[in-house]
1. Run the numbers for Glu598 and Arg105: contour at 0.36 nm per residue of separation, minus the present Cα-Cα distance, in nm.
2. Once fully extended, how much extra length lies between Ala282 and Arg98, figured as 0.36 nm per residue of separation less the alpha-carbon to alpha-carbon distance?
3. So how far apart, in nm, are the two label points at Asp209 and Met855 if each is 7 Å from Cα heading toward Cβ?
4. Work out the FRET efficiency for Val582 and Gln790 from their Cβ-Cβ distance, taking R0 = 60 Å, and round it to the nearest 0.05.
5. Of Lys720, Lys836, Lys813, which has the most accessible area and how do the rest follow, probe 1.4 Å?
6. So, R0 is 51 Å and r is the distance between the beta-carbons of Arg560 and Leu302; what FRET efficiency does that work out to, to 0.05?
7. Ranked by accessible surface with a 1.4 Å probe, highest first, in what order do Met267, Met463 come?
8. Could you sort out which of Lys813/Lys836; Lys96/Lys242; Lys96/Lys148 sit more than 22 Å apart by Cα distance in this structure?
Amino acid sequence: MTLRLRSTVAFVLALLVVVPNAGAAPYPPTFALHPAFTSASIGANGSILVNLEEEYEKSTARHSTASRYLADGQLDQSFEPVRPGGMEVAEVIDSKGRTLRRSARGGIERLNPDGSVETSFAPPVRDSPGSWSDEFRIEAILPLASGKVAVAGQVLRQIGQSRRYEVRVALYEESGLIDSAFGTEGIVRLAEEIGVEGEEFVGLTPGPDEDVLVSFNQKDWARGAPTSMVGSGSRVVALNLKGGLDPGFASGGVFGSPDPIAAVEGMPDGGLFLAGTRWGAALSRSGQAHHSDVYLERLTPLGAPDPAFGERQGRTTVDFGGIDVLHTLLLRPDGSTLVGGGTTSLSPRCPLYESTFCTETPVLAAFTASGGLDRGFGRRGVLRLGPLAYKFALFSRFRPVESLGVLFLRELPDGTVLAGGGTEVGAFLAEVGDDGRLESGFGDGGTVTRTNPRPSTTELRSMALDRRGGIVVSGYTDAGVSQGSGAVFRFRADGAVDRGFAGGQGFVRVPEPPISPEPAQAPAGISLDAHGRALALGAEFPSERATVTRIGTNGRPDPRFGIDGIALLPRYVPMEMGARKVRLRLNLLAKLATALPEGGSLVYARAGHNHGARLYPALIRLTSRGRLDRSFGRRGVAVIVGGVGGNFDPSVMLALSGGKILLGGAVRSPCGSAYPGRSAALMRLRSDGSLDPSFGHGGLTTVPSCRWGRTFTSMALGPKGEIITVGGTWRKWRKTGPDRFSAEDLPVIDRFSARGRLDRGFGRRAIRTLPSPGGGNLSMAERVILWRDQILVSGPGVSGAFVYSRNGRFERKLIPAGRRKPVAGYTLGVAVQDGKPVVVTTTQAKRKLTVQPLMSAAAPEKRRAG
């Protein structure tokens, strides 16, 4: 999902990566580059040289840099970061203390124990058969007891119109020359020529009698499926010094497994440890999410499962409780092993559906030398790195689910283990003791995190105040992941980010918010119920299902609502239209949601025939548990077809006492095509979703005016049930010539009785009151509230509010206390805190939410009645 460009009145905050101040709102920056530590080498003094990989912005291409950490986890500031290509990961030390590594000229090179390059080690000759080194990148180097050196890697081959990877193995003499007796001119291609085809290289380990064991996964590359589970399983091939299959190993030189291998470790006797992921049945029809466990398997030197190891047939399988993926394996000196990977939480909703919440946790497991879980490690053999867990939104069911997590394990000089890897939001290192506990002396409580963020974009749309004075705002952000999503933010009463919300982040992700409203309509709102829980709407596309998410006061999806806090809205509703029974599709441009006093919720959508132009107002009512309220409308959905409500388009909604529903919006103009404006209208429904005939004219009240294009964007209820309404961009059309009109945007305030009648005692001519035309004129009214016996109106164009009396006359303008110049930014609206009016504004310069008390302007401006 890409971040949509929206024509909206919202203000875009470019958030810097800074240490938060008390009043700042630095939401976590965008970790869109998916950083991860992919490998490390340990120095004699315990220093850690790590390779950091990340994606280029707006690209999936990855680049790497190297940096160094001290033994205590502090970044070595004296170390100059090595740019791409500067850190050679594929390097080993042979029995004579010489270092073998990839050469920049191709092939490998050998270094003496003092670090000097051994000039007698023959370099590759590019124009000879040995020029194979140009064809694939060496990924593993294996020195043999005889002094020979085996190397392996993979190359991308062009086969007809398609391309695929192929694993290759080569053998060097001790002198550095290619061993021409090995395979074909020193190379073995794991392809049809020897009966096995390798497509994903895993590891190169020593076997018995100087055999070379090559581990790889075979793949059919099923489109869209996780790459670690497609294809026909994995293979371990034993090659002798001639490059042929060793018939004494497994079955004709090949050990086969239906499960993919993630990591291998060789044993001194020629045996082999295999670790990987065992994928199970699909969890959904899409086939993208599968149940999985991790396994550890040991083979004897003859290539057979070791019956003395593990639970059965030489294997131990562990279920971490979710979608588990294994990445790395470490063999300890005492024969015990550690494995590392990640697990994604499995719940009734995650990750079966789109726009859901999942938790990804790096994890380690320890095994004894006999293959059982080491119960003294962590918690019953498993250590979950909870501080590094990341709660994310899975946006699309077409995206494979494959956890990140621990990518490598290294033994440290003091016997502890270094675990490194990454999640969606950052790279990490962790030092783990033998008991499976984080070493507190390393980094920050045992972990080091690393990000390479870029500024994030956060849009704040509309707000609501809870009973404690906190400010809850809806909007979207791309902070924390590589794509934007809807979000619910919470600020303290002073405008500072509420760090007690959503585990310190101050915001929680929800599915993508609905498409921005059309001009002259209020932005998508947020609603708080009696317990302070927030309701937020979401929909990826208009044609897809929409959702309602309920966020608890702690900033987490409420698990008692829907499934994991998300309620799916229906896509179709059966209706009777005359003598016909039809099935209307809910065209879920869902943009209105409100909490009901009794605990349920209402959502406005529009219903119509597939591919039809005619849309009808529709309301969906959910119970307090997020299920359809079957007592409302038809199975929880009320559609207003024909009559006075057939062309009604709501833009604001209120829940009234007794279960009644008040909608404000517009209807098509009754004045013909010469006047393009719409007429503002109110509609009231009974508790069962039917029109309330006691309100207005058959349930609908209109304010027809052929000169005005009108709608309502905010409503407030008076003590006697009267209705105060304001409009957004209301358009007054002036005739400037034959068949030519120009538009002037003006805000309007109306008052209606509880029965839906225009109050003729309100304002001049009983209909409209305009704000003063002085400085800071209100060109767009978005929010109206009642304060004491007065009406306060605010909009995005003014850092303040206009005050009107109960009879609709303009009284004065309120401005921020102690400030004469308007605050640069976007005004979310005026509110009341501790009985006093305040204005809430997002500011660009300070990157925070500004909450300022209001006071009367020094000199009341000249009034102008509407």
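1. 170.0 nm
2. 61.4 nm
3. 9.6 nm
4. 0.75
5. The residues order as Lys720, Lys836, Lys813, largest area first.
6. 0.35
7. Heavy-atom accessible area, descending, gives Met267, Met463.
8. Numbers: Lys813/Lys836 15 Å; Lys96/Lys242 25 Å; Lys96/Lys148 12 Å.
Distance filter (> 22 Å) returns Lys96/Lys242.
The values are calculated or read from the model by the stated rules, or taken from the named source; none is laboratory data. This is a predicted model, so every value here is computed, not measured. No Cβ is skipped: glycine too gets one built from the backbone with ideal geometry, and neighbour counts run over all protein chains shown. Only protein heavy atoms, including side chains, enter the accessible area calculation; ligands, DNA and RNA are left aside. Shrake-Rupley method; radii C 1.70, N 1.55, O 1.52, S 1.80 Å.
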